[in-house]
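Down below is the structure, laid out as structure tokens.
The values are calculated or read from the model by the stated rules, or taken from the named source; none is laboratory data. Predicted, not measured: the structure shown is a model, and the values here were computed from it. Positions of Cβ are generated from backbone atoms using ideal geometry, with glycine treated the same way; all protein chains shown enter the neighbour counts.
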């Protein structure tokens, strides 16, 4: 063998083998570093083992070639011939391991992909689960909120209706099918005169005064389903009766069977009194209007009668029979004139002055003019007038008229018994913020049947010519116009239990701070 | 003495005034219709008018206005069965000397007439 022309080939083979060793060491190191960085990464694992086997193969082959060249150069051909099959076998073995690693990792990668896929879908499923989980959580917390809100609404509504039931000023009750009152509010119990503590076991039969009313109640309730504005009487705990306005509704279950009723009853006692008062004030107003109309019409003919009788008196002496007759006509015509004048006063209550007044002064004025004639009939006046009264607003002249009427009535009530006492007092009542005047006599008092009529126009117990029956109704109108009240007590109970005489009470509201001077000027001119 | 007209929608009332005042020596002309009273005042001198407020066609206060236009020196007494603050104020502003409420007494009427007429003679005496 000529060694010279083979030299470049030998050189390349040796340098190549040497560089293979260096390069594969570097590759292996690189793969190892990658694996160290991400130990769980399958690819880097594959790359590392692939590199490792390839490294073994490359090193074995490169060392083999280097050995071959060195043996050939040093003419140890025989030694190489012995070694060559071992080197080739070893290389083949390493090549097989490389193939095994590749195949193993080829399958491994498929497995890895499958696992990756699985993991991915699992992750997706997990994410879905998380979303639905949070949705569920939101829904759950919302539900809690909704339930809380509904509960709040429900309890507010319950409270509202309970309050209505408890605080209603009217009776509210619930009844079961056997007519037992299962529930009644405090207003109802109070109306019937029971206390909350002794919650009575009552049935409708117990509280209806009239059985016919109860029959009517049920008849309408069953046939129509409700009862509206039925005026009935209820029995109170003390067995007295009260008038109520009753409305009720029947309760049926789903099978249309009667299971009870619920009702509201309004106490009519107050309404009844109000109606009476209204009727009374309407009567007053009607009388007032009528009086105004009548006054003009009557005054002219009355004037003619009075005038002619007075004219005729010129022709007769007062002592003659004709003269006396004419005097009677004159006297009666004058009595008529007084009635009409009183009527006019009564009808024109709206036109009145508004001045600041001290009531004790008004009373003193009246006593000054009446006391003399009272003394003539041995009637003593006892004053108890507070000198520090607050002012009231009103018409002095009209208020004088009221007290003149009281004193005249007291005078007339006592003149026949030969003597008497008038107690007149005037004081401030704090709870009503009113000035109160009280006129009491020791006369015969007012008969019970007359007591309700004394303020009616034209009602009088006095003899013809003495009273017109308008004094107290005029007084009533005046006091009402002043925003006050007028009360009467007769007969009065004395300390010793004896009953005698009459008391008239007048309560007038104290003037408010706003100035009354603007209006007071108007009617004084 | 004086020339007086009496105006009232009720004739008996005017005649009564006539009779009472004639006895005192006055000349009284009674009317129940407003127009006739006004017409009379246009033709004759009138010293005093006694006027009812409620009349057939117009109110006594209106009649007073017309009469005062015709004879400003004429005196006037208003007589009414239903006095009101409004008519009283109006009548006085138109120059009424008295405002009386019916029914009036004979004595009262005589006194009022005398008083009103005297105030005229007093004034006229001063003006002469």
| message | Quick check on my filter: what residues within region B:118-128 are in a helix (DSSP H, G or I) and at pLDDT below 85? | response | B:119, B:120, B:121, B:122, B:123, B:124, B:125, B:126, B:127
| task | Would you be able to say whether some residue in region A:371-386 is closer than 26 Å to residue A:477 by Cβ, surrounded by fewer than 19 Cβ atoms within 10 Å (Cβ to Cβ), out of contact with any strand residue (DSSP E or B) (no Cβ under 7 Å at 6 or more places or on another chain) and at pLDDT below 80? | result | no
| said: Residues that are out of contact with any helix residue (DSSP H, G or I) (no Cβ under 7 Å at 6 or more places or on another chain), assigned to a strand (DSSP E or B) and under 17 Å from residue A:487 (Cα atoms): does region A:404-425 have at least one? | reply: yes
| Does region B:2-9 contain at least one residue that is within 12 Å of chain A (Cβ to nearest Cβ), crowded, with 16+ Cβ neighbours inside 10 Å and at pLDDT below 90? | yes
| said: What's the number of the only condition in (1) under 30 Å from residue A:51 (Cα atoms); (2) modelled with pLDDT of 85 or more; (3) surrounded by 10 or more Cβ atoms within 10 Å (Cβ to Cβ) that residue A:131 fails to meet? | reply: (1)
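Within region A:459-466, does at least one residue satisfy the condition of being at pLDDT 85 or above and over 12 Å from residue A:504 (Cα atoms)?
From region A:459-466, those at pLDDT 85 or above are none; that's our starting set.
Checked region A:459-466: no residue is at pLDDT 85 or above and over 12 Å from residue A:504 (Cα atoms).
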| request: Considering each of A:46, A:42 in turn, give the residue that is closer than 30 Å to residue A:113 by Cβ and buried (at least 18 other Cβ atoms within 10 Å of the Cβ). | output: A:46
| Pairs, first within 17 Å of residue B:3 (Cα to Cα) in region B:92-113, second part of a loop (DSSP other than H, G, I, E, B), C-beta under 8 Å, six or more apart | B:110/B:24; B:112/B:104; B:113/B:24; B:113/B:26
| said: Given the condition at positive phi and modelled with pLDDT under 90, answer yes or no: does some residue in region A:401-418 qualify? | reply: yes
| field | Exclusive hit being surrounded by 15 or more Cβ atoms within 10 Å (Cβ to Cβ) and more than 13 Å from chain B (Cβ to nearest Cβ), set A:359, A:306 | value | A:359
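Sort through B:38, B:53 and tell me the only one that's surrounded by 14 or more Cβ atoms within 10 Å (Cβ to Cβ) and at pLDDT 90 or above.
Working: B:53 fails: at pLDDT 90 or above.
Result of the check over B:38, B:53: B:38.
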| said: Every residue in region B:67-86 that is farther than 22 Å from residue B:115 by Cα and surrounded by 17 or more Cβ atoms within 10 Å (Cβ to Cβ), please. | reply: B:82
| Any idea which of A:479, A:446, A:422, A:454 is buried (at least 16 other Cβ atoms within 10 Å of the Cβ), at pLDDT 80 or above and under 21 Å from residue A:354 (Cα atoms)? | A:479
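For region B:12-117, which helices (runs of 4 or more DSSP H) that fit wholly inside it have 3 or more residues that are within 14 Å of chain A (Cβ to nearest Cβ) and touching a strand residue (DSSP E or B) at 6+ places or on another chain (Cβ under 8 Å)? Steps first, answer last, please.
Details: elements: B:34-43, B:60-70, B:85-93.
Per the criteria, B:85-93.
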| message | Among the residues that make up region B:13-24, is at least one of them surrounded by 20 or more Cβ atoms within 10 Å (Cβ to Cβ) and either farther than 19 Å from residue A:314 by Cβ or modelled with pLDDT of 95 or more (or both)? | response | yes
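Residues are listed down the side, and each one gets a yes or a no for (1) assigned to a loop (DSSP other than H, G, I, E, B); (2) surrounded by fewer than 16 Cβ atoms within 10 Å (Cβ to Cβ); (3) in the same structural domain as residue A:244 (by TED's automatic domain parsing); (4) touching a residue at least 60 places away in the same chain (Cβ under 8 Å):
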{"site": "A:173", "(1), (2), (3), (4)": "no, no, yes, yes"}
{"site": "A:182", "(1), (2), (3), (4)": "no, yes, yes, yes"}
{"site": "A:190", "(1), (2), (3), (4)": "no, yes, yes, no"}
{"site": "A:194", "(1), (2), (3), (4)": "yes, no, yes, no"}
{"site": "A:220", "(1), (2), (3), (4)": "no, no, yes, no"}
{"site": "A:223", "(1), (2), (3), (4)": "no, yes, yes, no"}
| said: Could you go through region A:36-57 and let me know if any residue there is touching a residue at least 24 places away in the same chain (Cβ under 8 Å), farther than 18 Å from residue A:98 by Cβ and over 60 Å from the mean Cα position of the chain (by Cα). | reply: yes
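Here is a yes/no grid of residues against (1) at pLDDT below 80; (2) out of contact with any helix residue (DSSP H, G or I) (no Cβ under 6 Å at 6 or more places or on another chain):
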| residue | (1), (2) |
| --- | --- |
| A:259 | no, yes |
| A:271 | yes, yes |
| A:280 | yes, yes |
| A:287 | yes, yes |
| A:304 | no, no |
| A:317 | no, no |
| A:322 | no, yes |
| A:329 | no, no |
| A:332 | no, yes |
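Quick one: would you say residue A:40 is outside any helix (DSSP H, G or I) and more than 19 Å from residue A:19 (Cβ to Cβ)?
Values: outside any helix (DSSP H, G or I): yes; more than 19 Å from residue A:19 (Cβ to Cβ): yes.
Yes; evaluated as a whole, the condition is true for this residue.
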